[in-house]
Amino acid sequence: MTIASTLWICFGSVLGIVMVYSALGPRQPMESVDLFPVAVWIGVAVAFIVLAKFMREGSDGARVALTVLGSMFLLTLWPVLFVIPAIVLQFRPTSSAWFQAVKMTAPGLDRRMP
């Protein structure tokens, strides 16, 4: 589970850095920068990171949400390097067994996404 969540955290970090650099890069005049799309993309990047942390704690909802969000990025080339391996790793039998073990170790604790 650690590798899949690390891939999602890396994906979110790279996405955030790329979006900030493309909006505020050295070739971009500050007067022409529209901050709303940049803020939305930074929010998406933060969502990937937060969901990955929830998944690392055993949240099935975070695992499904990351799969759905990550699938939306499969149309471009560079996210494929992160998204496909993360999705495959988080649904392997050992990962599913890990999610079940986390649920069984703390039955009174609600580990669903807030």
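The values are calculated or read from the model by the stated rules, or taken from the named source; none is laboratory data. Because the structure is a prediction, the values reported are computed rather than measured. Every residue, glycine among them, receives a Cβ derived from its backbone with ideal geometry; neighbour counts consider all protein chains shown.
What the table below lists for this structure:
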| quantity | calculated |
| --- | --- |
| Subset tally (residues that are in contact with a helix residue (DSSP H, G or I) (Cβ under 6 Å, 6 or more places away or on another chain) and either in a loop (DSSP other than H, G, I, E, B) or of a type in the set (A, V, I, L, M, F, W, C) (or both)) for segment 75-98 | 5 |
| Residue in segment 105-113 that is at pLDDT below 75, basic (Lys, Arg) and surrounded by fewer than 12 Cβ atoms within 10 Å (Cβ to Cβ) present | yes |
| Scope segment 77-104; condition more than 11 Å from Gly58 (Cβ to Cβ), surrounded by fewer than 16 Cβ atoms within 10 Å (Cβ to Cβ) and at pLDDT below 85; matching residues | Leu77, Trp78, Val80, Leu81 |
| Qualifying residue in segment 69-76 (condition: modelled with pLDDT of 85 or more and either crowded, with 17+ Cβ neighbours inside 10 Å or of a type in the set (Val, Ile, Thr) (or both)) | yes |
| Whichever residue in segment 9-41 is under 18 Å from Val83 (Cα atoms) and β-branched (Val, Ile, Thr) and, among such residues, is surrounded by the most Cβ atoms within 10 Å (Cβ to Cβ) | Ile9 |
| Of all residues in segment 13-39 being in a helix (DSSP H, G or I) and out of contact with any helix residue (DSSP H, G or I) (no Cβ under 9 Å at 6 or more places or on another chain), the one that is nearest to Pro79 (Cα to Cα) | Tyr21 |
